[in-house]
1. Estimate the FRET efficiency between A159 and Q94 by the formula 1/(1 + (r/R0)^6), using the beta-carbon distance for r and 25 Å for R0, to the nearest 0.05.
2. Starting at the first residue of region 55-69, write each ³J(HN,Hα) from the Karplus equation 6.51 cos²θ - 1.76 cosθ + 1.60 with θ = phi - 60°, in whole Hz, x for Gly and Pro.
3. Dividing the alpha-carbon Rg of the chain by 2.2 N^0.38 Å yields what?
4. Using the Cα centre of the chain as the reference point, and only Cβ charges (+1 on K/R, -1 on D/E), how large is the resulting charge dipole? Debye, rounded to the nearest 20.
5. Helix 38-52 against the longest principal axis of the chain: what's the angle in degrees, Cα atoms only, rounded to the nearest 10?
6. Please work out whether region 91-213 counts as rounded, prolate or oblate from its C-alpha gyration tensor, where a ≥ b ≥ c are the square roots of the eigenvalues and a/c under 1.5 means rounded, while otherwise a/b larger than b/c means prolate and anything else oblate?
7. For region 1-76, with only Lys/Arg (+1) and Asp/Glu (-1) charged at the beta-carbon, what is the dipole magnitude about the Cα centre, in debye rounded to 20?
8. Counting only helical runs of four or more DSSP H residues, what would the 222 nm mean residue ellipticity of the chain come to if each run contributes -39,500 (n - 2.57) and the total is spread over all its residues?
Amino acid sequence: MEELAKEAGITVRTLRFYRERGLIPPPRREGRIAWYDDHHLARLRTIAGLLERGHTLNGIADLAATFESGRDVAEVLGLGEPTEETPVRLTPEQLADYFEGEVTPENLATALDLGYLATDGDEIVHISRRLLEVSAELVREGVPLSTVLSSGRRVREHADALAEIFVRVLHAHTKETEPAQLRPLARAVVDAELSMALDRRLRREDGTQPPKA
């Protein structure tokens, strides 16, 4: 315990307090010897980083409990489906920096439930760099992360329906399960239709009429 506290830059008394609060897992014991490892040190550095970012110990304990109850990266990413998305590995401190003041146990639980986040040891894995960056940008623009996540759930429902349309057409008219051209073709159709839908919606919002042919 003394060695771990020294390595983490804290007092033994603080370390004991963290253990009592359940902020770090118990050590591995061999007889009367308690062994701490790099996992404990990483957790202590995470606690220090989150405290610097304004989180309370109660909040950190809630985050840790939610984090540890989430699905691990093998469950979320190890399913073998083809994907064009690039996962991103983050420390809890880096995640807090992406969504300053918005990383709450409730938001973390929602993100884990949606499968946006997974756990891998002391790291967090976001399933998509594109989704991570656009979510962070929305939060910087003033949209609460809880709203971003709830909207993401609704968008996923519509995206699943769109994917079903394309796969049904594919199965009905080709022998291939997923030809290489399916993704770009489907994406092009959805991008064009979404762009036109936004145009129509914005014209209705500002009261203007669509241009005449």
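The values are calculated or read from the model by the stated rules, or taken from the named source; none is laboratory data. Being a predicted model, the structure only gives us computed values, none of them experimental. FYI the Cβ positions are ideal-geometry reconstructions off the backbone, even for glycines, and counts take in every protein chain you see. Just so you know, the surface numbers come from the protein's heavy atoms only, side chains and all, with ligands and any DNA or RNA stripped out. Shrake-Rupley method; radii C 1.70, N 1.55, O 1.52, S 1.80 Å.
1. On the way: r = 27 Å, r/R0 = 1.08.
Between A159 and Q94 the formula returns 0.40.
2. So the J values, rounded to whole Hz, are 6, 8, 5, 4, x, 5, 4, 5, 4, 4, 5, 5, 4, 6, 8.
3. 1.36
4. 300 debye
5. Tilt of helix 38-52: around 70 degrees.
6. On the way: a/c = 2.77, a/b = 1.30, b/c = 2.14.
The shape class here is oblate.
7. With Lys and Arg at +1 and Asp and Glu at -1, about 280 debye.
8. Value at 222 nm, helices only: -19500 deg cm²/dmol.
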